[in-house]
1. Within the stretch 100-137, track down each residue that is over 21 Å from SER54 (Cα atoms) and part of a strand (DSSP E or B).
2. Pick out the one residue from ALA82, ALA159 that is assigned by TED's automatic domain parsing to the domain that holds ALA49 and of a type outside the set (Phe, Trp, Tyr).
3. Suppose we filter the stretch 85-99 for residues that are farther than 12 Å from ALA159 by Cβ and not in a helix (DSSP H, G or I); how many remain?
4. Among the residues of the stretch 19-55, count how many are assigned to a helix (DSSP H, G or I) and not aliphatic (A, V, I, L, M).
5. Have a look at GLY141, GLY133 and point out the one that is among the small types (Gly, Ala, Ser), touching an Asp or Glu at 6+ places or on another chain (Cβ under 9 Å) and surrounded by fewer than 16 Cβ atoms within 10 Å (Cβ to Cβ).
6. Can you find, within the stretch 10-24, the residue that is surrounded by the fewest Cβ atoms within 10 Å (Cβ to Cβ) among those that are touching a Ser or Thr at 6+ places or on another chain (Cβ under 8 Å) and within 21 Å of ARG119 (Cα to Cα)?
7. Among the residues in the stretch 28-38, are any of a type in the set (S, T, N, Q), modelled with pLDDT of 90 or more and within 21 Å of ALA86 (Cα to Cα)?
8. For SER58, indicate whether it is out of contact with any Ser or Thr (no Cβ under 6 Å at 6 or more places or on another chain), in a helix (DSSP H, G or I), free of Cβ contacts under 8 Å to residues at least 60 places away in the same chain and not charged (D, E, K, R).
Amino acid sequence: MSQIQMKGYGLITAFEWMEKTLTPAQRSRMMELLPDEISQHVDDLVPGAWYPISHLDSWQRALVEATGSDYEQTWDHVVDVARYTARHNLSTVLRLLMKFLTPEKMVLALPKIWTRYFRNAPQPTTKVDPGGGRAVLSIEGFRGLRYAGPAIAGWVIEAFHMLDVTSVRVRETLADPDDEEAEDYRWEVTWDVG
């Protein structure tokens, strides 16, 4: 399989989040930790261009080191970045789609939305329980992004909040969340049904 790529839009929103959220010292440290191919070209990122997933992985790892995060803090930071990105995704490019989605339809639309932002990546699979209220999202063979778990969880949480479903809970059910070589991910999404 070719290297997984992501749209520049995700990197751009990650850097915007960094500017708005981190202290000047943390931002400076993050930039020092990033490879030159990323740190020297932040202003050259193009929203619709494709970049290696390793760029986002390097960004997330730099975030962890620059903020001195433990696993729980790291989860919170990455979830927050993903929520920020989802807010931008779903209020700009995908704004019209949001008018027609229910929570169940959102989960079922995730594989199609995924292809908009990732290339050469395995397709997620989704399953919604009859009657709603619970769904499972799985991605098998997704390599190259150490913090994929909290990133996907944060995006899903924000998508549900934008549908006015604030009772959403996302639980990663990866066998070993500390396994840096993990390739298979699974999230259980639950919400209160009206």
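1. THR125, THR126, LYS127, VAL128, ARG134, ALA135, VAL136, LEU137, listed by residue number.
2. Sole residue among the options that is assigned by TED's automatic domain parsing to the domain that holds ALA49 and of a type outside the set (Phe, Trp, Tyr): ALA82.
3. 3
4. Total satisfying the criteria: 16.
5. Sole residue among the options that is among the small types (Gly, Ala, Ser), touching an Asp or Glu at 6+ places or on another chain (Cβ under 9 Å) and surrounded by fewer than 16 Cβ atoms within 10 Å (Cβ to Cβ): GLY141.
6. Here the answer is THR13.
7. Among the residues of the stretch 28-38, not one is of a type in the set (S, T, N, Q), modelled with pLDDT of 90 or more and within 21 Å of ALA86 (Cα to Cα), which makes the answer no.
8. Here the answer is yes, as SER58 does meet what is asked.
The values are calculated or read from the model by the stated rules, or taken from the named source; none is laboratory data. No experiment lies behind these values; they were computed from the predicted model shown. Backbone-built Cβ (ideal geometry, glycine too); neighbour counts: all protein chains shown.
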